[in-house]
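One structure is given here, and the rest of the page talks about it.
The values are calculated or read from the model by the stated rules, or taken from the named source; none is laboratory data. Everything quoted here is computed from the prediction, not taken from an experiment. Cβ atoms come from the backbone with ideal geometry, glycine included; neighbour counts cover every protein chain shown. Note: accessible area is taken over every heavy atom of the protein model, side chains too, but ligands, DNA and RNA are not part of it. Shrake-Rupley method; radii C 1.70, N 1.55, O 1.52, S 1.80 Å.
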Amino acid sequence: MKIAFTSTGKTWDSIMDSRFGRTEFIVVYNEETKELEVVDNSAVKNEAHGAGTATAQKMYEIKPNVLITGNGPGETAATALKNLNMKIYVDAHNLTLEQAYESYRNGALTEI
Amino acid sequence: MKEIVVLSGKGGTGKTSITASLAVLAGSEAVVADCDVDAANMHLLMQPDFALSSEFYSGELAIIDQNACTQCGVCSEKCRFGAIPFINNIFIVNPLSCEGCGYCQKVCPTEAISMKSRKSGYVYISNTKVNSTMVHARLDIGAENSGKLVAKVKNEAKELAKQQNKSFVIVDGSPGIGCPVVSSLSGANYVVLVTEPTVSGLHDLERIYSVIKRFRINAGCIINKFDINPKKTDEIIEFLRKENITHLSNIPFDIRFTKAMTEAKTIVELETLPKYLIKDAWFKIKDELTNN
(Lines give C-alpha, C1' and ligand atoms only; values in the text may rest on other atoms or scores of the structure.)
Protein backbone atom coordinates (compact mmCIF):
# COMPACT_ATOMS: atom_id res chain seq x y z
CA MET A 1 0.00 0.00 0.00
CA LYS A 2 1.15 3.53 -0.81
CA ILE A 3 0.04 6.13 1.74
CA ALA A 4 0.27 9.83 0.85
CA PHE A 5 0.34 12.61 3.45
CA THR A 6 -0.06 16.37 2.97
CA SER A 7 2.87 17.61 5.01
CA THR A 8 4.71 20.78 6.03
CA GLY A 9 8.03 18.87 6.08
CA LYS A 10 9.85 15.84 4.72
CA THR A 11 10.12 13.39 7.64
CA TRP A 12 7.99 11.30 9.99
CA ASP A 13 8.36 14.06 12.59
CA SER A 14 6.99 16.76 10.28
CA ILE A 15 3.62 18.29 11.07
CA MET A 16 0.73 17.54 8.72
CA ASP A 17 -0.37 20.32 6.37
CA SER A 18 -4.14 20.88 6.73
CA ARG A 19 -4.24 22.12 3.17
CA PHE A 20 -4.69 19.84 0.22
CA GLY A 21 -4.15 22.16 -2.76
CA ARG A 22 -1.43 24.33 -1.26
CA THR A 23 0.30 21.71 0.81
CA GLU A 24 4.07 22.24 1.11
CA PHE A 25 4.97 18.61 0.46
CA ILE A 26 3.33 15.35 -0.41
CA VAL A 27 5.10 12.60 1.52
CA VAL A 28 4.48 9.07 0.30
CA TYR A 29 5.06 6.03 2.52
CA ASN A 30 5.42 2.69 0.83
CA GLU A 31 4.35 0.02 3.33
CA GLU A 32 6.09 -2.77 1.40
CA THR A 33 9.52 -1.18 1.07
CA LYS A 34 9.13 0.92 4.28
CA GLU A 35 10.48 3.89 2.36
CA LEU A 36 9.42 7.54 2.44
CA GLU A 37 9.32 9.46 -0.82
CA VAL A 38 9.00 13.25 -0.80
CA VAL A 39 7.25 15.23 -3.54
CA ASP A 40 7.90 18.96 -3.42
CA ASN A 41 4.66 20.81 -4.05
CA SER A 42 6.03 24.37 -3.85
CA ALA A 43 5.38 25.01 -7.56
CA VAL A 44 1.67 24.43 -7.00
CA LYS A 45 1.73 26.43 -3.79
CA ASN A 46 2.84 29.42 -5.86
CA GLU A 47 0.05 29.17 -8.40
CA ALA A 48 -2.32 32.13 -8.01
CA HIS A 49 -5.34 29.97 -8.79
CA GLY A 50 -6.23 26.32 -9.39
CA ALA A 51 -4.00 24.85 -6.68
CA GLY A 52 -6.54 22.14 -5.78
CA THR A 53 -6.80 20.68 -9.26
CA ALA A 54 -3.03 20.93 -9.82
CA THR A 55 -2.38 18.88 -6.68
CA ALA A 56 -5.11 16.44 -7.75
CA GLN A 57 -3.18 16.03 -11.00
CA LYS A 58 -0.08 15.14 -8.97
CA MET A 59 -2.09 12.49 -7.14
CA TYR A 60 -2.74 10.81 -10.49
CA GLU A 61 1.02 10.70 -11.07
CA ILE A 62 1.78 9.33 -7.59
CA LYS A 63 -1.23 6.97 -7.52
CA PRO A 64 -1.36 6.33 -3.76
CA ASN A 65 -3.89 3.86 -2.32
CA VAL A 66 -4.62 6.15 0.62
CA LEU A 67 -4.44 9.92 1.15
CA ILE A 68 -4.24 11.31 4.68
CA THR A 69 -4.85 15.05 4.96
CA GLY A 70 -6.53 17.79 7.03
CA ASN A 71 -9.47 19.69 5.64
CA GLY A 72 -9.59 17.50 2.57
CA PRO A 73 -9.81 18.56 -1.06
CA GLY A 74 -12.34 21.20 -2.05
CA GLU A 75 -15.23 20.46 -4.34
CA THR A 76 -13.43 20.84 -7.68
CA ALA A 77 -10.40 18.85 -6.58
CA ALA A 78 -12.65 16.17 -5.07
CA THR A 79 -14.48 15.82 -8.39
CA ALA A 80 -11.15 15.51 -10.19
CA LEU A 81 -10.04 12.78 -7.76
CA LYS A 82 -13.18 10.67 -8.19
CA ASN A 83 -11.70 8.46 -10.88
CA LEU A 84 -8.58 7.77 -8.89
CA ASN A 85 -8.93 4.59 -6.85
CA MET A 86 -7.77 6.22 -3.62
CA LYS A 87 -9.29 6.36 -0.14
CA ILE A 88 -9.23 9.80 1.50
CA TYR A 89 -8.90 10.18 5.28
CA VAL A 90 -9.28 13.66 6.82
CA ASP A 91 -9.01 15.73 10.01
CA ALA A 92 -5.39 14.80 10.71
CA HIS A 93 -4.73 18.36 11.89
CA ASN A 94 -1.62 19.34 13.86
CA LEU A 95 -0.30 15.77 14.05
CA THR A 96 3.12 14.54 13.03
CA LEU A 97 3.07 12.18 10.04
CA GLU A 98 3.89 9.35 12.43
CA GLN A 99 0.92 10.20 14.67
CA ALA A 100 -1.33 10.60 11.65
CA TYR A 101 -0.26 7.19 10.36
CA GLU A 102 -0.92 5.64 13.78
CA SER A 103 -4.37 7.28 13.90
CA TYR A 104 -5.12 5.92 10.45
CA ARG A 105 -4.01 2.41 11.46
CA ASN A 106 -6.20 2.59 14.56
CA GLY A 107 -9.18 3.69 12.52
CA ALA A 108 -9.30 7.08 14.28
CA LEU A 109 -9.46 9.16 11.10
CA THR A 110 -12.62 9.92 9.15
CA GLU A 111 -12.92 8.60 5.63
CA ILE A 112 -14.71 10.85 3.13
CA MET B 1 -3.56 29.26 19.01
CA LYS B 2 -6.98 29.18 17.35
CA GLU B 3 -7.84 30.53 13.96
CA ILE B 4 -11.21 32.25 13.48
CA VAL B 5 -12.34 33.14 9.96
CA VAL B 6 -15.19 35.59 9.39
CA LEU B 7 -17.17 35.02 6.18
CA SER B 8 -20.45 36.20 4.74
CA GLY B 9 -20.93 34.88 1.23
CA LYS B 10 -22.84 38.05 0.34
CA GLY B 11 -21.10 41.42 0.47
CA GLY B 12 -22.48 44.29 2.53
CA THR B 13 -23.76 42.25 5.46
CA GLY B 14 -21.40 43.98 7.90
CA LYS B 15 -18.68 41.32 7.84
CA THR B 16 -15.75 43.71 8.11
CA SER B 17 -17.47 45.91 10.73
CA ILE B 18 -18.01 42.82 12.85
CA THR B 19 -14.52 41.39 12.22
CA ALA B 20 -12.94 44.69 13.26
CA SER B 21 -15.20 44.76 16.34
CA LEU B 22 -14.02 41.26 17.30
CA ALA B 23 -10.43 42.36 16.67
CA VAL B 24 -10.90 45.37 18.99
CA LEU B 25 -12.51 43.19 21.67
CA ALA B 26 -9.71 40.63 21.41
CA GLY B 27 -7.12 43.43 21.58
CA SER B 28 -3.58 42.17 22.07
CA GLU B 29 -4.85 38.58 22.50
CA ALA B 30 -5.10 38.24 18.72
CA VAL B 31 -3.23 38.72 15.47
CA VAL B 32 -5.52 40.11 12.77
CA ALA B 33 -5.38 39.16 9.08
CA ASP B 34 -7.28 41.02 6.37
CA CYS B 35 -7.73 38.47 3.58
CA ASP B 36 -10.49 40.45 1.87
CA VAL B 37 -7.79 41.93 -0.31
CA ASP B 38 -9.93 42.88 -3.32
CA ALA B 39 -11.68 45.44 -1.15
CA ALA B 40 -9.39 45.71 1.83
CA ASN B 41 -10.86 48.19 4.27
CA MET B 42 -10.30 46.82 7.73
CA HIS B 43 -7.27 49.12 7.99
CA LEU B 44 -9.68 52.07 8.09
CA LEU B 45 -11.02 50.78 11.41
CA MET B 46 -7.85 49.25 12.88
CA GLN B 47 -5.52 52.15 11.94
CA PRO B 48 -2.40 50.08 11.32
CA ASP B 49 0.99 51.82 11.06
CA PHE B 50 2.24 49.96 7.92
CA ALA B 51 5.48 49.27 9.81
CA LEU B 52 6.84 46.56 7.49
CA SER B 53 6.10 46.13 3.81
CA SER B 54 7.18 43.62 1.19
CA GLU B 55 6.41 43.26 -2.50
CA PHE B 56 4.07 40.50 -3.56
CA TYR B 57 4.40 38.66 -6.87
CA SER B 58 1.61 36.65 -8.42
CA GLY B 59 0.90 35.46 -11.94
CA GLU B 60 2.92 36.40 -15.02
CA LEU B 61 3.21 39.14 -17.61
CA ALA B 62 4.33 38.78 -21.25
CA ILE B 63 7.33 40.85 -22.36
CA ILE B 64 8.31 41.31 -26.03
CA ASP B 65 11.98 41.62 -26.92
CA GLN B 66 11.75 44.27 -29.64
CA ASN B 67 15.14 43.26 -31.11
CA ALA B 68 13.93 39.71 -31.74
CA CYS B 69 10.40 40.69 -32.87
CA THR B 70 9.80 40.43 -36.64
CA GLN B 71 6.42 42.15 -36.33
CA CYS B 72 4.58 39.20 -37.83
CA GLY B 73 1.62 40.04 -35.58
CA VAL B 74 0.72 36.44 -34.72
CA CYS B 75 0.78 37.17 -30.98
CA SER B 76 -1.54 40.13 -31.35
CA GLU B 77 -3.91 38.09 -33.51
CA LYS B 78 -3.99 35.09 -31.16
CA CYS B 79 -4.28 36.99 -27.89
CA ARG B 80 -7.89 36.57 -26.86
CA PHE B 81 -7.59 39.39 -24.33
CA GLY B 82 -6.57 41.95 -26.96
CA ALA B 83 -3.54 42.69 -24.83
CA ILE B 84 -0.98 43.18 -27.64
CA PRO B 85 -1.84 46.28 -29.68
CA PHE B 86 0.35 47.75 -32.45
CA ILE B 87 1.35 51.19 -31.22
CA ASN B 88 3.96 53.53 -32.72
CA ASN B 89 5.10 50.79 -35.10
CA ILE B 90 5.75 48.18 -32.43
CA PHE B 91 3.75 45.36 -30.85
CA ILE B 92 3.60 46.04 -27.16
CA VAL B 93 1.94 44.25 -24.23
CA ASN B 94 -0.68 46.19 -22.30
CA PRO B 95 -0.09 45.03 -18.72
CA LEU B 96 -3.65 45.82 -17.66
CA SER B 97 -5.12 43.50 -20.30
CA CYS B 98 -2.50 40.72 -20.16
CA GLU B 99 -3.81 37.72 -18.23
CA GLY B 100 -0.41 36.03 -18.15
CA CYS B 101 -1.59 32.87 -19.92
CA GLY B 102 1.60 32.57 -21.97
CA TYR B 103 -0.10 31.67 -25.25
CA CYS B 104 1.70 34.46 -27.14
CA GLN B 105 5.01 32.99 -26.00
CA LYS B 106 4.02 29.62 -27.47
CA VAL B 107 2.92 31.00 -30.87
CA CYS B 108 5.77 33.49 -31.38
CA PRO B 109 7.92 32.09 -34.25
CA THR B 110 11.08 33.94 -33.18
CA GLU B 111 10.85 33.31 -29.42
CA ALA B 112 10.77 37.04 -28.83
CA ILE B 113 8.27 36.77 -26.00
CA SER B 114 9.11 35.78 -22.46
CA MET B 115 6.99 35.61 -19.33
CA LYS B 116 8.12 37.31 -16.14
CA SER B 117 6.50 37.22 -12.73
CA ARG B 118 4.28 40.15 -12.09
CA LYS B 119 4.38 42.34 -9.00
CA SER B 120 0.78 42.59 -7.93
CA GLY B 121 0.98 44.53 -4.68
CA TYR B 122 2.36 44.77 -1.16
CA VAL B 123 1.93 42.76 2.01
CA TYR B 124 2.16 44.72 5.28
CA ILE B 125 2.79 43.82 8.89
CA SER B 126 1.48 46.55 11.16
CA ASN B 127 0.76 47.48 14.75
CA THR B 128 -2.89 48.46 15.26
CA LYS B 129 -4.55 50.99 17.51
CA VAL B 130 -5.40 48.22 20.01
CA ASN B 131 -1.77 47.14 20.27
CA SER B 132 -2.13 44.00 18.18
CA THR B 133 -0.33 42.86 15.07
CA MET B 134 -2.18 43.00 11.76
CA VAL B 135 -1.20 41.42 8.44
CA HIS B 136 -2.82 43.01 5.41
CA ALA B 137 -2.20 43.70 1.74
CA ARG B 138 -2.75 46.27 -0.95
CA LEU B 139 -3.20 45.27 -4.58
CA ASP B 140 -1.88 47.26 -7.53
CA ILE B 141 -4.36 48.65 -10.04
CA GLY B 142 -5.87 45.82 -12.11
CA ALA B 143 -4.42 43.09 -9.86
CA GLU B 144 -6.75 40.56 -8.30
CA ASN B 145 -6.90 38.67 -5.05
CA SER B 146 -5.86 35.01 -5.21
CA GLY B 147 -5.66 31.90 -3.10
CA LYS B 148 -1.91 32.44 -3.10
CA LEU B 149 -2.13 35.92 -1.59
CA VAL B 150 -4.65 34.80 1.04
CA ALA B 151 -2.37 31.88 1.96
CA LYS B 152 0.56 34.28 2.32
CA VAL B 153 -1.33 36.79 4.52
CA LYS B 154 -2.76 34.02 6.66
CA ASN B 155 0.51 32.11 7.07
CA GLU B 156 2.34 35.31 8.09
CA ALA B 157 -0.38 36.00 10.66
CA LYS B 158 -0.23 32.46 12.03
CA GLU B 159 3.55 32.55 12.24
CA LEU B 160 3.47 35.86 14.14
CA ALA B 161 0.74 34.59 16.47
CA LYS B 162 2.91 31.59 17.31
CA GLN B 163 5.98 33.75 17.90
CA GLN B 164 4.06 36.20 20.09
CA ASN B 165 2.24 33.42 21.91
CA LYS B 166 -1.20 34.80 21.01
CA SER B 167 -4.44 32.92 21.59
CA PHE B 168 -6.19 33.85 18.34
CA VAL B 169 -5.81 34.72 14.70
CA ILE B 170 -8.86 36.62 13.46
CA VAL B 171 -9.24 36.53 9.68
CA ASP B 172 -11.47 38.80 7.61
CA GLY B 173 -12.30 36.49 4.69
CA SER B 174 -13.30 37.53 1.21
CA PRO B 175 -16.84 37.38 -0.18
CA GLY B 176 -18.09 34.60 -2.44
CA ILE B 177 -17.00 30.95 -2.41
CA GLY B 178 -14.02 31.04 -4.79
CA CYS B 179 -10.32 30.29 -4.53
CA PRO B 180 -9.50 33.00 -1.92
CA VAL B 181 -12.30 31.77 0.36
CA VAL B 182 -11.24 28.13 0.13
CA SER B 183 -7.69 29.25 0.86
CA SER B 184 -8.82 31.24 3.92
CA LEU B 185 -10.70 28.21 5.29
CA SER B 186 -7.89 25.63 5.25
CA GLY B 187 -6.62 25.04 8.76
CA ALA B 188 -9.26 27.28 10.40
CA ASN B 189 -10.71 26.24 13.77
CA TYR B 190 -13.95 28.21 13.64
CA VAL B 191 -16.00 30.19 11.15
CA VAL B 192 -18.12 33.18 12.09
CA LEU B 193 -20.79 33.74 9.49
CA VAL B 194 -22.22 37.24 9.20
CA THR B 195 -25.50 37.44 7.34
CA GLU B 196 -28.49 39.73 6.92
CA PRO B 197 -32.20 38.88 6.51
CA THR B 198 -32.50 39.36 2.75
CA VAL B 199 -33.14 36.89 -0.06
CA SER B 200 -29.53 37.04 -1.22
CA GLY B 201 -28.27 37.07 2.37
CA LEU B 202 -29.82 33.67 3.06
CA HIS B 203 -29.02 32.30 -0.41
CA ASP B 204 -25.33 33.17 -0.08
CA LEU B 205 -25.26 31.91 3.50
CA GLU B 206 -26.46 28.51 2.32
CA ARG B 207 -23.90 28.56 -0.47
CA ILE B 208 -20.93 29.47 1.72
CA TYR B 209 -22.01 26.94 4.34
CA SER B 210 -21.89 24.14 1.77
CA VAL B 211 -18.18 24.94 1.37
CA ILE B 212 -17.57 25.12 5.15
CA LYS B 213 -19.40 21.84 5.66
CA ARG B 214 -17.12 20.11 3.17
CA PHE B 215 -14.13 21.09 5.31
CA ARG B 216 -15.95 20.06 8.55
CA ILE B 217 -15.27 23.32 10.39
CA ASN B 218 -17.57 24.40 13.23
CA ALA B 219 -19.49 27.57 12.56
CA GLY B 220 -21.56 30.18 14.34
CA CYS B 221 -23.73 32.85 12.79
CA ILE B 222 -24.44 36.49 13.55
CA ILE B 223 -27.62 37.84 11.95
CA ASN B 224 -26.92 41.51 11.41
CA LYS B 225 -29.79 44.01 10.92
CA PHE B 226 -32.11 41.17 12.02
CA ASP B 227 -35.06 43.53 12.51
CA ILE B 228 -35.30 44.78 8.92
CA ASN B 229 -37.06 41.58 7.82
CA PRO B 230 -38.37 39.40 10.69
CA LYS B 231 -39.72 36.74 8.34
CA LYS B 232 -36.33 36.20 6.63
CA THR B 233 -34.67 36.21 10.05
CA ASP B 234 -36.94 33.33 11.06
CA GLU B 235 -35.97 31.46 7.89
CA ILE B 236 -32.27 31.99 8.65
CA ILE B 237 -32.72 30.76 12.24
CA GLU B 238 -34.49 27.67 10.88
CA PHE B 239 -31.57 27.05 8.50
CA LEU B 240 -29.06 27.40 11.37
CA ARG B 241 -31.03 24.94 13.50
CA LYS B 242 -31.23 22.42 10.67
CA GLU B 243 -27.49 22.63 9.96
CA ASN B 244 -26.44 22.69 13.61
CA ILE B 245 -24.81 26.12 13.29
CA THR B 246 -24.59 28.06 16.57
CA HIS B 247 -26.81 31.14 16.50
CA LEU B 248 -24.41 33.65 18.05
CA SER B 249 -26.44 36.85 17.99
CA ASN B 250 -29.18 38.97 16.48
CA ILE B 251 -27.94 42.49 16.00
CA PRO B 252 -30.51 45.22 15.29
CA PHE B 253 -30.11 47.76 12.52
CA ASP B 254 -28.28 50.70 14.07
CA ILE B 255 -27.31 53.86 12.23
CA ARG B 256 -24.43 54.27 14.70
CA PHE B 257 -22.53 51.50 12.84
CA THR B 258 -22.07 54.07 10.10
CA LYS B 259 -21.48 56.90 12.55
CA ALA B 260 -18.70 54.89 14.19
CA MET B 261 -17.22 54.12 10.76
CA THR B 262 -17.08 57.82 9.77
CA GLU B 263 -15.05 58.36 12.95
CA ALA B 264 -12.77 55.44 11.96
CA LYS B 265 -14.08 53.49 14.94
CA THR B 266 -15.78 50.15 15.39
CA ILE B 267 -19.25 49.96 16.90
CA VAL B 268 -17.84 48.39 20.08
CA GLU B 269 -16.01 51.62 20.82
CA LEU B 270 -19.34 53.44 21.23
CA GLU B 271 -21.85 52.86 24.03
CA THR B 272 -24.49 51.05 22.01
CA LEU B 273 -26.60 47.90 22.26
CA PRO B 274 -24.63 46.24 19.41
CA LYS B 275 -21.48 46.69 21.52
CA TYR B 276 -22.87 44.39 24.20
CA LEU B 277 -24.33 41.96 21.69
CA ILE B 278 -21.01 41.60 19.86
CA LYS B 279 -19.20 41.26 23.19
CA ASP B 280 -21.56 38.47 24.14
CA ALA B 281 -21.01 36.80 20.73
CA TRP B 282 -17.23 37.01 21.25
CA PHE B 283 -17.56 35.20 24.60
CA LYS B 284 -19.68 32.53 22.93
CA ILE B 285 -17.08 32.08 20.17
CA LYS B 286 -14.31 31.69 22.76
CA ASP B 287 -16.47 29.18 24.65
CA GLU B 288 -17.08 27.15 21.51
CA LEU B 289 -13.34 27.10 20.77
CA THR B 290 -12.41 25.87 24.25
CA ASN B 291 -15.12 23.21 24.21
CA ASN B 292 -13.97 21.73 20.93
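Listing for the model above:
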quantity: From phi via Karplus (6.51, -1.76, 1.60), per-residue ³J(HN,Hα) for region A:83-93 in Hz, x at Gly/Pro; calculated: 7, 8, 6, 9, 7, 10, 10, 10, 6, 8, 7
quantity: Phi to ³J(HN,Hα) by Karplus 6.51 cos²θ - 1.76 cosθ + 1.60 over region A:31-40, Hz, x for Gly, Pro; calculated: 5, 6, 8, 6, 9, 9, 10, 10, 10, 6
quantity: Added length on full extension, which subtracts the Cα-Cα distance from 0.36 nm per residue, B:Ala51 to B:Ser210; calculated: 53.4 nm
quantity: B:Phe168 accessible area, 1.4 Å probe, all protein chains in place, Å² to nearest 10; calculated: 20 Å²
quantity: Value of relative contact order over chain B, rounded to a whole percent, pairs C-alpha under 8 Å and six or more apart; calculated: 27 percent
quantity: Inter-part distance where region B:126-200 and region B:85-114 are each reduced to a Cα centre, Å; calculated: 35 Å
quantity: Exposure rank, largest accessible area first [B:Arg80, B:Arg216, A:Arg105; 1.4 Å]; calculated: B:Arg80, A:Arg105, B:Arg216
quantity: Projected label distance in nm at B:Glu29 and A:Asn46, using a 7 Å step from Cα toward the beta-carbon; calculated: 4.0 nm
quantity: Bridge type composition, region A:25-112 - antiparallel percent by DSSP, nearest 5; calculated: 75 percent
quantity: Span from the region A:25-46 Cα centroid across to the region B:2-36 one, whole angstrom; calculated: 35 Å
quantity: Label-point separation in nm, B:Asp280 to B:Lys242, each point 7 Å along Cα→Cβ; calculated: 2.6 nm
quantity: Mean Kyte hydropathy of 0.5 or more with a Cα span along the axis of at least 15 Å, helices from DSSP in chain B; calculated: B:15-26
quantity: Cα gyration tensor shape of region B:105-255, rounded if a/c is under 1.5, else prolate or oblate by comparing a/b with b/c; calculated: prolate
quantity: Per DSSP, loop GluC sites (Glu not before Pro) in region A:2-67 with at most 12 further Cβ within 10 Å; calculated: A:Glu31, A:Glu32
quantity: Accessible area, probe 1.4 Å, largest first, for residues A:Tyr101, A:Tyr60, B:Tyr103, B:Tyr190; calculated: B:Tyr103, A:Tyr60, A:Tyr101, B:Tyr190
quantity: Two-site FRET efficiency, B:Asn94 against B:Gln71, from Cβ-Cβ distance with R₀ of 25 Å, rounded to 0.05; calculated: 0.90
quantity: Among beta bridges that DSSP assigns inside chain B, antiparallel share in %, nearest 5; calculated: 40 percent
quantity: Choice from B:Glu243, B:Glu156, B:Glu196 showing the highest fluctuation, given a GNM over chain B with Cα pairs closer than 10 Å; calculated: B:Glu243
quantity: Accessible area, probe 1.4 Å, largest first, for residues B:Trp282, A:Trp12; calculated: A:Trp12, B:Trp282
quantity: Accessible area buried between chains A and B, both sides summed, probe 1.4 Å, in Å² to nearest 100; calculated: 1400 Å²
quantity: Solvent-accessible area of B:Cys72 with every protein chain in place, 1.4 Å probe, in Å² to the nearest 10; calculated: 70 Å²
quantity: Environment charge at B:Ser126 (Cβ cut-off 13 Å; Lys +1, Arg +1, Asp -1, Glu -1); calculated: -1
quantity: Surrounding net charge for B:Met46, when Lys and Arg each add one and Asp and Glu each subtract one, Cβ distance under 12 Å; calculated: -2
quantity: Estimated FRET transfer efficiency when R0 is 22 angstrom, pair A:Glu31-A:Thr76 (beta carbons, to 0.05); calculated: 0.15
quantity: Portion, in percent, of the accessible area of the protein assembly as shown that falls on carbon or sulfur, probe 1.4 Å; calculated: 49 percent
quantity: With all protein chains modelled, accessible area of B:His43 [1.4 Å, Å²]; calculated: 50 Å²
quantity: Drop in accessible area of at least 20 Å² in the complex versus isolated chain, residues of region B:205-227, 1.4 Å probe; calculated: B:Arg214, B:Phe215, B:Arg216
quantity: Formal net charge of residues neighbouring B:Thr16 (Cβ-Cβ distance under 11 Å; K, R +1; D, E -1); calculated: -2
quantity: Angle in degrees between helix A:51-62 and the longest Cα principal axis of chain A, rounded to the nearest 10; calculated: 50 degrees
quantity: Chain B - charge dipole about Cα centre, Lys and Arg +1 at Cβ, Asp and Glu -1, debye rounded to 20; calculated: 400 debye
quantity: FRET efficiency, A:Asp13 to B:Thr290 (Cβ-Cβ, R0 22 Å, nearest 0.05); calculated: 0.20
quantity: Chain-alone versus full-assembly comparison, region A:69-91, residues with accessible loss of at least 50 Å² (1.4 Å probe); calculated: A:Asn71
